[in-house]
Amino acid sequence: MRESATPAAGTRRDLVVDGLRVAVFESGAGEPCVLLHGYPQSHWCWRHVIAALARSHRVFAVDWFGWGESERSLRAAPVYDQEVARVGRLLDALGLEQVNLFGHDYGGFVGLGFALHGRERLLRLAILNSRAHLTFPALPYLQFAALSALARAPLFERLPLYEMHRRSLRRYVVNGSWSPEDLERYLGWLRTRGGRRWLAHFYRHYRVRVRPELREGCRRVDVPTAVIWGDRDPYCPLAIAEDLAARMPRAHLVAVKGADHYVVEERPAEVSAALRTLLNETIRC
């Protein structure tokens, strides 16, 4: 059952970063928090959490490059190192020197990379149900690897990508994470030829292998960190969270009992409480 909360997205701002239009939704005032979403979502996944954070902080919920209401362009490659670098350039475009950075799923994967390279710009960090410094278990690993391989062939764009995603993600309507309208919001663009072309572009550059620099480098991320995890996640099991929290010197693990992968929407009250606890932690100068 979905916990009650007031949806709030904030005021939209369109910025241009690396020649790409990116949509950012701003709420509140105070110390900045930047929220990065996962696959195949948008800023909308944070809608139940934004209001709780915006009472005391300035919140920026981002539609990451190519997702949600941001531009889906084939001109820039979503290569991992370039995605990480875009976090810094996005902060520059927003005029933010230091931020609290919270990332779910793909957003956590990219956010962790930025934590290694842009440590001086982080106040605090949160990683939620993400492959993070490791990768997926065997079955989803093979599924994502197959998509990455198929995306290199013209056939990929002719696959029923909308229906494939809808069938595989329908369980998150059943468990109350999403409404049918939310599911359509996240997937509707796959009905279009341009959307399918962009997804092929994404998967051509996506790699499921472990990145050793993340596995070893996270030991150097010494900002207050919350590792927040639905413990019933079939894509990113709790073992990833336990290992990540053990490696990071100022991390603590918050296991959300019985929650699945899309924990931000399934259990927003618990996620909000964990993030607010993190924001009360003292930072080092």
Query - Nearest 10 degrees, 0 to 90: helix 80-94 Cα axis against the chain principal axis - result: 60 degrees
Report summary line: Whole-Hz Karplus couplings 3J(HN,Hα) for region 194-203, θ = phi - 60° and coefficients 6.51, -1.76, 1.60, Gly and Pro as x, run x, x, 5, 4, 5, 4, 4, 4, 4, 5
Query raised in the report: Where does the charge balance sit around ALA76 when Lys and Arg score +1, Asp and Glu -1, over other residues with C-beta under 12 Å from its C-beta?
Result: +2
Report task. Could you calculate the contour length gain from GLU184 to ARG55, that is, 0.36 nm times the residue separation minus the distance between their Cα atoms, to one decimal place in nm? Result -> 43.5 nm
Query - Burial order of peptide ranges 240-247, 277-284, 145-152 (average beta-carbon count within 10 Å, highest first) - result: 240-247, 145-152, 277-284
Query raised in the report: Which whole-angstrom value gives the distance between the alpha carbon centres of region 173-196 and region 249-285?
Result: 26 Å
Query raised in the report: Hey, if you put +1 on the Cβ of every Lys and Arg and -1 on every Asp and Glu Cβ in the chain, which of SER42, LEU125, HIS252 ends up farthest toward the positive end of that dipole?
Result: SER42
Report summary line: Per the 1/(1 + (r/R0)^6) rule, R0 = 41 Å and r from the Cβ atoms of LEU20 and LYS257, FRET efficiency to 0.05 is 0.55
Query raised in the report: Tally Lys and Arg at +1 and Asp and Glu at -1 over the other residues with C-beta under 12 Å from the C-beta of ARG196: what net charge comes out?
Result: +3
Report summary line: Answer in debye to the nearest 20: the dipole magnitude of the chain about its Cα centre, from +1 Lys/Arg and -1 Asp/Glu charges placed on Cβ, is 640 debye
Report summary line: Interchain or sequence-distant (5+) residues whose placed amide H lies within less than 5 Å of the amide H of VAL254 are VAL227, ILE228, TRP229
Report summary line: Whole-Hz Karplus couplings 3J(HN,Hα) for region 135-143, θ = phi - 60° and coefficients 6.51, -1.76, 1.60, Gly and Pro as x, run 7, 7, x, 4, 5, x, 4, 5, 5
Query raised in the report: Can you give the net charge of the other residues whose Cβ lies under 15 Å from the Cβ of TRP229, counting K and R as +1 and D and E as -1?
Result: -4
Report task. Let me know the charge dipole size of region 179-274 about its Cα centre in debye, to the nearest 20, where only the beta-carbon of Lys, Arg (+1) and Asp, Glu (-1) is charged. Result -> 700 debye
Requested in this report: Have a look at SER179, LEU139, LEU101 and report the one farthest towards the positive end of the charge dipole of region 66-205, computed about the Cα centre with Cβ charges (Lys/Arg +1, Asp/Glu -1).
Outcome: LEU139
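We did not get these values from a lab; they are worked out from the coordinates using the rules stated. Since the model is a prediction, treat every value here as computed from it, not as a measurement. Backbone-built Cβ (ideal geometry, glycine too); neighbour counts: all protein chains shown.
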